[in-house]
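To start, the structure under review is shown below, and the notes come after it.
The values are calculated or read from the model by the stated rules, or taken from the named source; none is laboratory data. Model, not experiment: these values are computed from the prediction. Note: ideal-geometry Cβ built from the backbone for every residue, glycine included; neighbour counts use all protein chains shown. The area values use the complete protein model at the heavy-atom level, side chains included, leaving out ligands, DNA and RNA. Shrake-Rupley method; radii C 1.70, N 1.55, O 1.52, S 1.80 Å.
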Amino acid sequence: MAFIELDTSVPVETNRFGLSNAAQFEAILGRLDAMLTTRLHGMVLALKNGIPTIAIDPVSGGDKVTRQAGKLGWTEVFDPDLVSDEDLSAALTRCLSKAGRAKACLVKDAAILSLADFDTEFEAALQVPARPELRAHLIPKASKVREWRKRFKAWKRRRRAKTSR
């Protein structure tokens, strides 16, 4: 197994891997056997390319990663406070199997079909009046992963600031 850290920061000057657009990101992604991510776009782009994905929702109890995986019909998604090494090992075995690759391709095909009426649904959604009171419960609780990510981002900013001097 090889660890490949992919950074999607744009513009390219702030991306330490030199990736400047989605096509470059997907070119690398398309060569993977499986992907492990805590990011929504990582999961979606991997599945778009038929790559089996182990997704760990960074929000304890589940948030957008879990919801999107459910919408897509992808089951290899985990809660950061509940997942074990054994869970991840078993998920990797499933993702590396022929059945795992086939399932990722089926998810991709189903997602494409689900967009058939997108334009009509989007136009109808624009006609619905806003109701801000419905958003009050959407503020996620802080989790260990969120705190780690916050500290990692601060570390990256400090590191970039030092190297740009």
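Laid out as a table, the results:
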item	result
Any hit, segment 129-142, residues being touching a residue at least 12 places away in the same chain (Cβ under 8 Å) and under 26 Å from PHE25 (Cα atoms)	no
Odd one out for LEU106 among (1) under 19 Å from HIS41 (Cα atoms); (2) within 17 Å of the chain's Cα centre (by Cα)	(2)
Test for ARG94: is it over 21 Å from the mean Cα position of the chain (by Cα) and surrounded by 10 or more Cβ atoms within 10 Å (Cβ to Cβ)	no
Hits in segment 74-101 (condition: over 17 Å from LYS144 (Cα atoms) and modelled with pLDDT under 95)	none
For ARG151: the one exception among (1) basic (Lys, Arg); (2) open to solvent by less than 90 Å² (accessible area, probe 1.4 Å); (3) without any contact (Cβ under 8 Å) to a residue 12 or more places away in the chain	(2)
Tally, over segment 154-165, of residues that are open to solvent by 100 Å² or more (accessible area, probe 1.4 Å) and not in a helix (DSSP H, G or I)	1
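The rows are residues; the columns are (1) in contact with a Cys (Cβ under 8 Å, 6 or more places away or on another chain); (2) more than 20 Å from ALA55 (Cβ to Cβ); (3) surrounded by 10 or more Cβ atoms within 10 Å (Cβ to Cβ); (4) not polar (S, T, N, Q).
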position: SER114; (1), (2), (3), (4): no, no, yes, no
position: ASP119; (1), (2), (3), (4): no, yes, no, yes
position: VAL128; (1), (2), (3), (4): no, yes, no, yes
position: LEU134; (1), (2), (3), (4): no, yes, no, yes
position: LYS144; (1), (2), (3), (4): no, no, yes, yes
position: GLU147; (1), (2), (3), (4): no, no, yes, yes
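One line per residue, one yes/no per condition, for (1) modelled with pLDDT of 85 or more; (2) among the polar types (S, T, N, Q); (3) touching a Phe, Trp or Tyr at 6+ places or on another chain (Cβ under 8 Å):
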residue	(1), (2), (3)
LEU6	no, no, yes
THR14	no, yes, no
LEU36	yes, no, no
VAL44	yes, no, no
ASN49	yes, yes, no
PRO52	yes, no, no
